[in-house]
Amino acid sequence: MSVRIIGTGSALPQKEVSNEDLARLVETSDEWIRERTGIGSRHISTGETVVSLAAGACKKALENAEKTAAQVELLLVATCTPEQGIPCAACQVQSILGAENAVAFDLNAACAGFLFALHTAWAYIEAGIYQNALIAGSEVLSKIIDWDDRGTCVLFGDGAGAVLLERGTRPGILGFVQHSDGTKGQVLQCDSRKLENPYISESQYAPYVQMDGREVFAFAVRQVPACIAEVLERTGLTPDDVDLYVLHQANRRIIEGISRRLSVDMQKFPMNLDRVGNMSSAAIPVLLDELHRAGRLREGMTLVLSGFGAGLTYGACVLRW
Ligand code: UT7
């Protein structure tokens, strides 16, 4: 028995915002953003929502897998920017798709969210509870960004990616590791709703992303290679056995640091952050979909997926395509 990805899809907001556009909003430049991050432009919502983007990506993943919405048994949406606390985004996506037979719920592990959702779905399928799962990573980060803060507003983009996972006989997911470190939560945070009730006079409220960029950078370059080495060891593979490393797209310099620590050529690290920025939980499935549609994923290839972000949370997965 194995669990495999059998379809991918993605959806991005229509509006593209270049570095030059941002230089008209805050004191920054195309040169600084490209040099320090590798980002050139990103898609920003002018009305698209976490739900509409996730539904768009899920529809494409279903078409790609030649399955119907009614066949889906589990529907997970990884997001840290849902429009509504209740109902969850996954139930709203279920309704749009007509996936009436699915069990649907959300999962939030920030930028590692898609990977944690993939692991959750894998465990359900491995346990024989469901035969398949539709998993989306969807974010509209532009609503939790402080557009006056040049240290964060240049980094993020909006979008969604999805995969359909199915129990099968050919090799698929080979192994997973996940980690969380709640003691470092303060390095990347954003409040949700303010505490307001008749029994409180005043409460602290910081509704926009606050980040210690250097701390997050150092954490990623230290922990992600260790986490990848751990999952490879568990599956009896070496870094050279891997054909492609599909990593969370936060910063080109982070990815270069990870490639150096693993002693793996940068050719094996595909990137799209120059066009889409950091889309948190949507980053990995959108990149996976782009690679798939470009014909860069051939049967039998070994891939490592790895995500990291607020929490702190991080994880890695090895799979055979
Ligand atoms: O999914 C995980 C989410 N977060 C991340 O992945 C973030 C990881 N961290 C990073 O990517 C980098 O730390 C940043 C890109 C956020 C910042 O790069 P850095 O090289 O660490 O810059 P810095 O924060 O040390 O700032 C260096 C200088 C500062 O000016 P001074 O104090 O040296 O005069 C900043 O004020 O760059 C300035 N700066 C900017 N300048 C122009 C910060 N942001 C900008 C900007 N444009 N957008």
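Within the range 23-67, report the trypsin sites (Lys or Arg not before Pro) that DSSP leaves as loop and that have at most 15 other Cβ atoms within 10 Å.
On the way: sites: Arg24, Arg34, Arg36, Arg42, Lys59, Lys60, Lys67; in loops: Arg24, Lys67.
Passing sites in the range 23-67 are Arg24.
Apply the Karplus parameterisation 6.51 cos²θ - 1.76 cosθ + 1.60, with θ equal to phi minus 60°, to every residue of the range 53-58 and state each ³J(HN,Hα) to the nearest whole Hz, in sequence, with x for glycine and proline.
My calculation for the range 53-58 gives 5, 4, 5, x, 5, 5 Hz in order.
Applying the Karplus parametrisation 6.51 cos²θ - 1.76 cosθ + 1.60 with θ = phi - 60° to the phi angles of the range 103-115, what ³J(HN,Hα) value in whole Hz is obtained for each residue in order, glycine and proline being reported as x?
Ordered by residue, 3J(HN,Hα) equals 8, 10, 7, 9, 9, 10, 9, 6, 5, 8, x, 4, 5 Hz.
Please return the longest range in the chain lying between exposed loop sites, taking GluC sites (Glu not before Pro), DSSP loop only, at most 14 other beta-carbon atoms within 10 Å, and leaving the sites out.
Details: sites that count: Glu27, Glu66, Glu83, Glu100, Glu196, Glu202, Glu299.
The segment 203-298 is the longest one with no such site.
Hey, what number do you get for the chain at 222 nm if only DSSP H runs of n ≥ 4 count, each worth -39500 (n - 2.57), divided across all residues, to the nearest 500? Working shown, then result.
Working: 10 runs with 104 residues, N = 321.
It lands at -9500 deg cm²/dmol.
Quick one: order Phe156, Phe114, Phe217, Phe176 by neighbouring beta-carbon count within 10 Å, fewest to most.
If I rank by nearby Cβ atoms, fewest first, I get Phe217, Phe176, Phe156, Phe114.
Neighbour counts of other C-beta atoms within 10 Å: give me Cys80, Cys227 arranged from fewest to most. Please list the in-between numbers first.
Values: Cys80 25, Cys227 22.
By the 10 Å Cβ count, ascending: Cys227, Cys80.
Taking amide H positions as placed in the peptide plane 1.01 Å from N, state which residues far from Gly311 in sequence (5 or more) or on other chains have amide H under 5 Å from it.
For Gly311, the qualifying residues are Leu188.
Regarding the range 58-111, what is the average projected area of its C-alpha convex hull, in nm²? Numbers along the way, then the final one.
Values: hull surface 15.4 nm².
That works out to 3.8 nm².
Under 5 Å between amide H atoms, partner at least 5 residues away or on a different chain: which partners does Ser41 have, H built in plane at 1.01 Å?
Hits under the 5 Å cutoff: Arg275, Val276, Gly277.
Hull surface divided by four, with the convex hull built on the Cα atoms of the chain: how many nm²?
Details: hull surface 67.2 nm².
One quarter of the hull surface, i.e. the mean projection, equals 16.8 nm².
I'd like the Karplus ³J(HN,Hα) series for the range 134-142: coefficients 6.51, -1.76, 1.60, θ = phi - 60°, whole numbers in Hz, and an x wherever there's a Gly or Pro.
Result, ordered by residue: 9, 10, 10, x, 9, 9, 10, 5, 4 Hz.
Laboratory data are not the source of any read-out in this text; all were calculated from the coordinates shown. Because the structure is predicted, anything quoted here is derived from the model rather than measured. All Cβ positions, even for glycine, are placed from backbone atoms using ideal geometry, and neighbour counts span all protein chains on display.
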